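Trainee: Here you go, one structure.
The values are calculated or read from the model by the stated rules, or taken from the named source; none is laboratory data. Values in this document were obtained by computation on a predicted structure and should not be read as measured data. Cβ atoms come from the backbone with ideal geometry, glycine included; neighbour counts cover every protein chain shown. Ligands, DNA and RNA are stripped out before the accessible areas are found, and what is left, the full protein with its side chains, is counted by its heavy atoms. Shrake-Rupley method; radii C 1.70, N 1.55, O 1.52, S 1.80 Å.
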Number of protein chains: 2
Amino acid sequence: MLNQRQRDILRAVVDDYVSTAEPVGSRTLSRKYGLGLSPATIRNALADLEDEGLLRQPHTSAGRVPSDQGYRVFVEELMALSPLAPSVRADLLRRQAEAEDLRDLLTQTARLAAVLSGCTAIVRSPRPAGARIRALSLVPVTDRKLLLVVVSSTGAVTHRQVLLEEPIAPEEVAALAVGLQQHLLERPLDALTGRVLEGLAERMGRHRDLIRQVIGRVEAPDDAVVIAHTAHLARQPEFQQRVDGLLDFLDRPDRVLRWMQEVRGGSSSPGAVTIRIGAEHRDPELQGCSVVAASYTIGDEVAGEVAVLGPTRLDYATAVTAVSALAAGLSEVFGARLPGEGRQ
Amino acid sequence: MLNQRQRDILRAVVDDYVSTAEPVGSRTLSRKYGLGLSPATIRNALADLEDEGLLRQPHTSAGRVPSDQGYRVFVEELMALSPLAPSVRADLLRRQAEAEDLRDLLTQTARLAAVLSGCTAIVRSPRPAGARIRALSLVPVTDRKLLLVVVSSTGAVTHRQVLLEEPIAPEEVAALAVGLQQHLLERPLDALTGRVLEGLAERMGRHRDLIRQVIGRVEAPDDAVVIAHTAHLARQPEFQQRVDGLLDFLDRPDRVLRWMQEVRGGSSSPGAVTIRIGAEHRDPELQGCSVVAASYTIGDEVAGEVAVLGPTRLDYATAVTAVSALAAGLSEVFGARLPGEGRQ
DNA sequence: CTTTGGCACTCGCGATGCCTGAGTGCTAAC
DNA sequence: GTTAGCACTCAGGCATCGCGAGTGCCAAAG
């Protein structure tokens, strides 16, 4: 276990390294941080911390740098979170509430997270386990082309083209839409598995193939993740050589999505902030990176996450306050809007 | 005017520099390219080309590098375009035709362009001057929230939330939708200016405010540009120091859009390929970059562009064949689908 | 008159070596 | 337990050097 001095020093090392990106030496610590200790004393403490595996030396006569494990101790025990000023918080919430639609809301949130934290931000679209079909409509585009529009209880709108073999009359489309609505409205999206749909197709008789085609596509929503400000990653000195790998990773929504889900993984208690540091990531591209993610909720269910991504040397305290405030904002906006009263 | 030898040598310099990223010397040229000339002779020609402003020397005793102007001469007079193998072309078209909807089509196209050219690719959503409203629907989500869905003749689907002060009954929504359809279907999107809408709102009597709210938002489509594979930019040796500026630029869809429009600017003949090189860009972030853009059409109108972005040292021939093939593919897909027969 | 070989010259780049300064660990004194 | 002092280490900056790629110019050959 660490004693108070070691804790103070570890905190100082992390603070300094985060802001300078240079290994921190005993003299600097003694001068810049009010520890009231001589460099020599600090050196002893540093050596202890290194033995514990919380600090590393890039080379013999360099200062210390926090190890992944050191960051972990920092975020779990030492980090001083200063809550956002109420005015700032209110401003964030206002901006979120002003969003025009779901997409806009997520984009705005991601941008705000990026600006506040100085990192690349990622927001995962809401997909609560219990999302239901709130509205469903078939729009005839031509006599052989329909547009299926589904609005889920999260506010997500998905639309798919449906191309037909045979022409269909508008009245028939309308009848079909009513039929679908009867069977599908308020049903959970998750429940739209093969068997259920097969049954539905049977029951509705005509247009069986059409129905299959239509419904099989409802569950794949358009935007799984929104990413803002990748430029912040490229600015980090430690990534100069590897930006392309990271960009490549972020370019593939499916991978990012899987990864986000995995990050949340264990701790899925609503509102919790998950932090994953450096080697704790499985993906090789993400070595040297940390992610701070906060989940937001719709109703009482975890629906998605707001996250920021940066080098392990990142300002965890700022990141945590930013993502939790924004995730809370999302929860609030969803809470206010979605049960259905349509308040803006 | 350049003589044949100078032209051959300029072409060789560009070819070599594009593939190696190293300044090209007279010896290399004499060895690698079948010019049948001694290095000394080539040196004379190089000196001439430098006097013409088509080549530069990074420093005395280095090889030559094409200047922006040199690239311009290259693309206008010297570049040898080899058309794509029919099988490749067919494959591209097949992949485009398989796209599920507009969004998917544009994303696929951008990815293909990026892979073929080895550059970052940008596709601008179709917005032909004469795009019309093909379908329009109001989906009741709650009693105070509607979703307006508009399908344009380009296949673009836009949806907007409409929040109401007063609750509205579903039947009323349906009636309203019919009214809107009567007045708006097949009208050009461009014509939806304030005056027309005002008139419409008057004529429809009730729900005047609602109508205003609804229609004012139709014209701002969701996705103006699709960007693929920014990682390719980061990989370019010449951009190591400046990736962040470029990423920053690409992060703002509005700027990218404006810029794409400006690039097409002059030559708007359908199917034309526009190339803009280095200093020809106004934006300071784009110095040292080139863009190759081909426009695609819907009907006979230019609707948008497929473009690739890279360093001035880019493989213009490959880029040109790639973007023109893909733009032609888009034109074809739109041509086949959009008049309304819904063929896949 | 054009082409070419030869030659002197230039200059970036990588390797080498030196020095400095920041930083350490250890020990002995407080 | 803390601190001052000291010897030691090592990365990074700086100058030096040699190499090699490349040039321009000139005079001879075609």
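Trainee: Restricted to the stretch B:234-258, and to residues that are touching a residue at least 60 places away in the same chain (Cβ under 8 Å) and under 16 Å from the mean Cα position of the chain (by Cα), which residue is nearest to the other protein chains (Cβ to nearest Cβ)?
Mentor: B:LEU250
Trainee: Also: Being within 14 Å of DNA strand C (Cβ to nearest atom), part of a loop (DSSP other than H, G, I, E, B) and surrounded by fewer than 17 Cβ atoms within 10 Å (Cβ to Cβ) is the filter here; which residues of the stretch B:27-61 pass it?
Mentor: Listed by number, the residues that qualify are B:GLY34, B:LEU35, B:GLY36, B:SER38, B:GLN57, B:PRO58, B:HIS59, B:THR60, B:SER61.
Trainee: What number goes with the only condition from (1) within 14 Å of chain A (Cβ to nearest Cβ); (2) surrounded by fewer than 14 Cβ atoms within 10 Å (Cβ to Cβ); (3) modelled with pLDDT of 75 or more that B:ALA220 does not pass?
Mentor: (3)
Trainee: Just to check your reading of the model, which residue among A:ILE133, A:ILE122, A:ILE168 is more than 9 Å from chain B (Cβ to nearest Cβ), part of a loop (DSSP other than H, G, I, E, B) and either of a type in the set (Val, Ile, Thr) or farther than 21 Å from A:GLN261 by Cα (or both)?
Mentor: None of the others qualify; the one that does is A:ILE168.
Trainee: Across the stretch B:301-327, what is the total count of residues that are at pLDDT 95 or above and touching a Lys or Arg at 6+ places or on another chain (Cβ under 9 Å)?
Mentor: So the answer is 3.
Trainee: In a loop (DSSP other than H, G, I, E, B), open to solvent by less than 60 Å² (accessible area, probe 1.4 Å) and away from DNA strand D (no atom under 14 Å from the Cβ): does that describe B:LEU84?
Mentor: yes
Trainee: Ok, one more. So A:LEU147 passes all but one of these: (1) open to solvent by less than 10 Å² (accessible area, probe 1.4 Å); (2) assigned to a helix (DSSP H, G or I); (3) within 10 Å of chain B (Cβ to nearest Cβ). Which condition number does it fail?
Mentor: Here A:LEU147 clears every test but (2).
Trainee: State which residue pairs qualify: first residue of a type in the set (Val, Ile, Thr) and inside the stretch B:45-73, second residue within 13 Å of DNA strand C (Cβ to nearest atom) in any location, beta carbons under 9 Å apart, and separation of 6 or more residues or different chains.
Mentor: Once the first residue is of a type in the set (Val, Ile, Thr) and sits in the stretch B:45-73, its partners that are within 13 Å of DNA strand C (Cβ to nearest atom) give B:VAL65/B:GLU22; B:VAL65/B:PRO23; B:VAL65/B:GLN57; B:VAL65/B:PRO58.
Trainee: Sticking with this one: Just give me the residues in the stretch B:1-26 being within 13 Å of DNA strand C (Cβ to nearest atom), assigned to a loop (DSSP other than H, G, I, E, B) and over 30 Å from the mean Cα position of the chain (by Cα), in sequence order.
Mentor: Those that are within 13 Å of DNA strand C (Cβ to nearest atom), assigned to a loop (DSSP other than H, G, I, E, B) and over 30 Å from the mean Cα position of the chain (by Cα): B:ASN3, B:PRO23, B:GLY25.
Trainee: Return yes when A:THR297 is within 23 Å of A:VAL18 (Cβ to Cβ) and of a type in the set (S, T, N, Q) and no when it is not.
Mentor: no
Trainee: Moving to a separate point now. Looking at the stretch A:289-319 only, could you name the residues that are open to solvent by less than 10 Å² (accessible area, probe 1.4 Å) and either not small (Gly, Ala, Ser) or not in a strand (DSSP E or B) (or both)?
Mentor: A:CYS289, A:VAL291, A:VAL292, A:TYR296, A:GLU305, A:VAL306, A:VAL308, A:LEU309, A:PRO311, A:LEU314, A:TYR316, A:ALA319
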